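A.B. asks: Have a look at the structure that comes next, please.
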């Protein structure tokens, strides 16, 4: 087999492959056997029809086409291997010659990873946020925890901002009630701005049993976008009471006996959280610094696929959050054009980052051990809430192992890069990322992952990030969640 490589662009090649016809013999034999099972010719059992009769009744051309279709994947794979190119995506294949008994030839155009060398990365310097945990952060986390154990009591006074009210809403357009925009017994926090525009202002000063009408634009339902006359009636007014931050609260909300022990645990958890963030930030910024030193062409088709992936990811996140893309853009104060530009740039950086880490792994002769693959699968299974064996079987059955190997390799390359970069915090102190990782490993007995980021996700935009939570997540795990919902008490 002979293979010629023509460079169409720095990121796309055309392979011209010539194959002696004899190499198609196993595929021809297979084609005859399969067609023999399908045809029905009097006097012959299925699978026993001679080749000459298949040529006569079905046609030699059909057999050749079946053989070529069967042979192409293997022949293309051999051509790629012989050419020592790193292909991306599926090729555009065209059969250019099929001379029965003599020669078979085809061409394949395919995107490739650009050829380049990663420059010396010793001496790069990046700055990350300080890992200090201040008293304000501790009190904010403690305050969030108190919010979870707050109670509601009836208030015999007009509505004030921050109150919880139970209300009825009736929306009308031209005197006709809009059913899907009306509700009763709805619980609402005044001042949260989560209701229809104008609702918060309308509620202020009303007492239980009182009503008012205002004009607002409907945001959901069949009449969304239209102005309606909205009548709101207050059924009850309740005020939120936070528990005192004392020993009794610590015993109710956590495993600790005193509020000082609870505060100390919050400090420890916040400290772990910010150190994990330091590791992730160091990885991100180290890669950014290296990418600034490298200029390589990128296959537009690969970039476009990354843009589409990010768009689909955002769409799924918005659906889960019950938002539209228009709502999201309004919240972020961005036009669609600005958003699309940011996503496109982030996609290009992600593709570039993947190429650079792949090449770094090649230059440094990095490999992946079975133990490393097992650790990766176990970690992912824990995050997904499934059994490691179940995830391993799924990855194997769906041919996902090569992608997993690539991801682990990129992570190793990124770790190697960070080891050679000088990392300092905003106060000018040098940060030993590897020492932090070892320390956190000793604390938990688990391998610390760098916030789960892969190389292709290293450059994020707002549109790709999960919706923000209220907070101090890991620190608040100290609560046992007994009664974590806001409770209601009679006045």
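A.B. asks: Before anything else, pin down the relative contact order of region 275-382: Cα pairs under 8 Å, at least 6 apart, normalised by residue count, whole percent. Write out the running numbers ahead of the final one.
C.D. replies: Numbers: 28 pairs, mean separation 36.6, N = 108.
Taking the mean separation of contacting Cα pairs over the length of region 275-382, I get 34 percent.
A.B. asks: Compute and list, largest first, the equivalent-ellipsoid semi-axes of region 203-249 from the alpha carbon gyration tensor, each √(5λ) rounded to a whole angstrom. Let's see the in-between values first.
C.D. replies: Values: eigenvalues 247, 56, 11 Å².
Three semi-axes, in Å: 35, 17, 8.
A.B. asks: Let me ask another. Indicate the gyration tensor shape class of region 89-211 (rounded, prolate or oblate), computed on the Cα atoms with a ≥ b ≥ c the square roots of the eigenvalues: a/c under 1.5 is rounded; otherwise a/b larger than b/c is prolate and the rest oblate. Show your work: numbers first, answer last.
C.D. replies: On the way: a/c = 5.17, a/b = 1.87, b/c = 2.76.
In terms of gyration-tensor shape, oblate.
A.B. asks: Using 0.36 nm per residue of separation minus the Cα-Cα distance, give me the extension gain between residue 244 and residue 384 in nm, one decimal. Working shown, then result.
C.D. replies: On the way: separation 140, 0.36 × 140 = 50.40 nm, distance 3.70 nm.
Working it through step by step, the gained length comes to 46.7 nm.
A.B. asks: List 33, 193 from most exposed to least, where exposure is judged by having the fewest other Cβ atoms within 10 Å. Can you show the working numbers first?
C.D. replies: Numbers: 33 13, 193 9.
So the residues, fewest neighbours to most, are 193, 33.
A.B. asks: Could I ask something else about it? Neighbour counts of other C-beta atoms within 10 Å: give me 433, 368, 95 arranged from fewest to most. Spell out each step's value before the answer.
C.D. replies: On the way: 433 21, 368 17, 95 14.
Ascending Cβ contact count within 10 Å gives the list 95, 368, 433.
A.B. asks: Moving to a separate point now. Gain in length, residue 312 to residue 147, computed as 0.36 nm per residue apart minus the alpha-carbon separation, to one decimal in nm?
C.D. replies: Numbers: separation 165, 0.36 × 165 = 59.40 nm, distance 3.49 nm.
Stretched out fully, the residue 312 to residue 147 stretch lengthens by 55.9 nm.
A.B. asks: Determine the gain in length on full extension of the stretch residue 117-residue 172; use 0.36 nm per residue of separation and subtract their C-alpha separation, reporting nm with one decimal. Write down the numbers at each step before the final one.
C.D. replies: On the way: separation 55, 0.36 × 55 = 19.80 nm, distance 6.74 nm.
Here the segment from residue 117 to residue 172 would lengthen by 13.1 nm.
A.B. asks: Find the percent of Cα-Cα distances in region 234-359 that exceed 23 Å, and round it to a whole number.
C.D. replies: Numbers: 4966 of 7875 pairs.
Cα-Cα pairs in region 234-359 separated by more than 23 Å: 63 percent.
A.B. asks: Let me ask you something else. Provide the FRET efficiency to the nearest 0.05 for the residue 18-residue 373 pair, computing r from the beta carbons and using R0 = 35 Å. Intermediate values should be presented prior to the final figure.
C.D. replies: Values: r = 39 Å, r/R0 = 1.11.
The calculated FRET efficiency here is 0.35.
A.B. asks: Using helices alone, I'd like the mean residue ellipticity at 222 nm for the chain: each DSSP H run of four-plus residues gives -39500 (n - 2.57), total over residue count, nearest 500.
C.D. replies: Values: 15 runs with 223 residues, N = 491.
-15000 deg cm²/dmol, from helical runs alone.
A.B. asks: On average, how much area does the Cα convex hull of region 151-241 cover when viewed from any direction, in nm²? If you can, show how the numbers build up before the last one.
C.D. replies: Details: hull surface 21.7 nm².
Mean projected area of the Cα convex hull: 5.4 nm².
A.B. asks: Here's a follow-up. Relative contact order (percent) for the chain, with alpha-carbon contacts under 8 angstrom and 6 or more residues of separation?
C.D. replies: 19 percent
A.B. asks: Ranked by Cβ crowding within 10 angstrom, fewest neighbours first, how are 355, 339 ordered? Walk me through the intermediate numbers first.
C.D. replies: Numbers: 355 26, 339 18.
By the 10 Å Cβ count, ascending: 339, 355.
A.B. asks: In the set [x] 333; [y] 164; [z] 254, which value of volume of the Cα convex hull per residue in Å³ was calculated from the structure you see?
C.D. replies: Entry [z].
A.B. asks: I would also like to ask the following. Normalised by the number of residues in region 1-79, what is the relative contact order in percent for Cα pairs under 8 Å and 6+ residues apart?
C.D. replies: On the way: 68 pairs, mean separation 21.2, N = 79.
After rounding, I find 27 percent.
A.B. asks: Taking a spot 7 Å from the Cα of residue 231 along the direction of its beta carbon, which residues of region 174-217 have an amide N less than 12 Å from it?
C.D. replies: Of the residues in region 174-217, 175-178, 211-214 have backbone N under 12 Å from the label point off residue 231.
Rule-based calculations on the coordinates, nothing more; no lab input. Not measured: the values here are computed from a predicted model. We place every Cβ from the backbone using ideal geometry, glycine too, and count neighbours over all the protein chains shown.
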